[in-house]
Amino acid sequence: SPGAQPVGIVTFDGSTCSMEITDDRIEPGPLGFVPFRVVNATEKRVMFDSWRLKEGYTFRAFEATIERDRRLAEKPGNQGAFPSESEVSYLGSDIIPANSSDIIAPQMYTPGRHAIVCLHLFEGDFRPFGIAGPIIVQ
């Protein structure tokens, strides 16, 4: 919502996807939006995907899946190994130009664990590179 302050900063620098939470407690704003500042500190466009982890699926398992997908993307012809809809719910994507930052506000209206995945261009397609989280929404 207009004027809402970001609850954290997610940064992709080309080698790491990191997050700093700046609020003590994360609660959804109007319509469930939770604002974050995202920083693309690279020379190419970067995509930031927002996800909700479903009950029983751990952040560590999601992180391992993202790492596996990143390694598979480096091998020609591989489609990746993303989790199923029974494990995560996709919330949205935002593309941030090279060497810039912006505010994104994924709709994290459901209490629980969430994450933001940093994706970089690989052979003309955005592929997961790293993950920031867990983001615990109250």
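The values are calculated or read from the model by the stated rules, or taken from the named source; none is laboratory data. Everything quoted here is computed from the prediction, not taken from an experiment. We place every Cβ from the backbone using ideal geometry, glycine too, and count neighbours over all the protein chains shown. Heads up: the accessible areas ignore ligands, DNA and RNA and are worked out on the full protein's heavy atoms, side chains in. Shrake-Rupley method; radii C 1.70, N 1.55, O 1.52, S 1.80 Å.
Does Arg68 fit the bill of being under 24 Å from Arg25 (Cα atoms) and either part of a helix (DSSP H, G or I) or at pLDDT below 90 (or both)? Don't jump to the end; show me each part of the working.
Numbers: under 24 Å from Arg25 (Cα atoms): no; either part of a helix (DSSP H, G or I) or at pLDDT below 90 (or both): yes.
In short, no.
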Out of Phe62, Phe48, sole residue that is closer than 15 Å to Ala105 by Cα and surrounded by 18 or more Cβ atoms within 10 Å (Cβ to Cβ): Phe48
All positions within region 12-36 that are assigned to a strand (DSSP E or B) and not acidic (Asp, Glu): Phe12, Cys17, Ser18, Met19, Ile21, Ile26, Phe33, Phe36
Residues that are touching a Phe, Trp or Tyr at 6+ places or on another chain (Cβ under 8 Å) and surrounded by 15 or more Cβ atoms within 10 Å (Cβ to Cβ), drawn from region 1-17: Pro6, Val7, Gly8, Ile9, Val10, Phe12, Cys17
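Taking Arg71 as the residue in question, decide whether it is over 24 Å from Ile95 (Cβ atoms) and surrounded by fewer than 17 Cβ atoms within 10 Å (Cβ to Cβ). Show your work before the answer.
On the way: over 24 Å from Ile95 (Cβ atoms): no; surrounded by fewer than 17 Cβ atoms within 10 Å (Cβ to Cβ): yes.
Criteria not met by Arg71.
Restricting to region 82-96, name every residue that is surrounded by fewer than 15 Cβ atoms within 10 Å (Cβ to Cβ) and under 16 Å from Phe59 (Cα atoms). Quick ask: steps written out before the conclusion?
First, the residues of region 82-96 that are surrounded by fewer than 15 Cβ atoms within 10 Å (Cβ to Cβ): 84-86, 89-90, 92-93, 95.
Of everything in region 82-96, those that are surrounded by fewer than 15 Cβ atoms within 10 Å (Cβ to Cβ) and under 16 Å from Phe59 (Cα atoms) turn out to be Ser84, Glu85, Ser86, Ser89, Tyr90.
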Residues satisfying the stated conditions in region 1-46, i.e. of a type outside the set (Ser, Thr, Tyr), in contact (Cβ under 8 Å) with a residue 60 or more places away in the chain and more than 23 Å from Gly112 (Cα to Cα): Phe12, Gly14, Val39, Asn40, Lys44, Arg45, Val46
Asn99, sole failed condition from (1) open to solvent by 80 Å² or more (accessible area, probe 1.4 Å); (2) modelled with pLDDT under 95: (2)
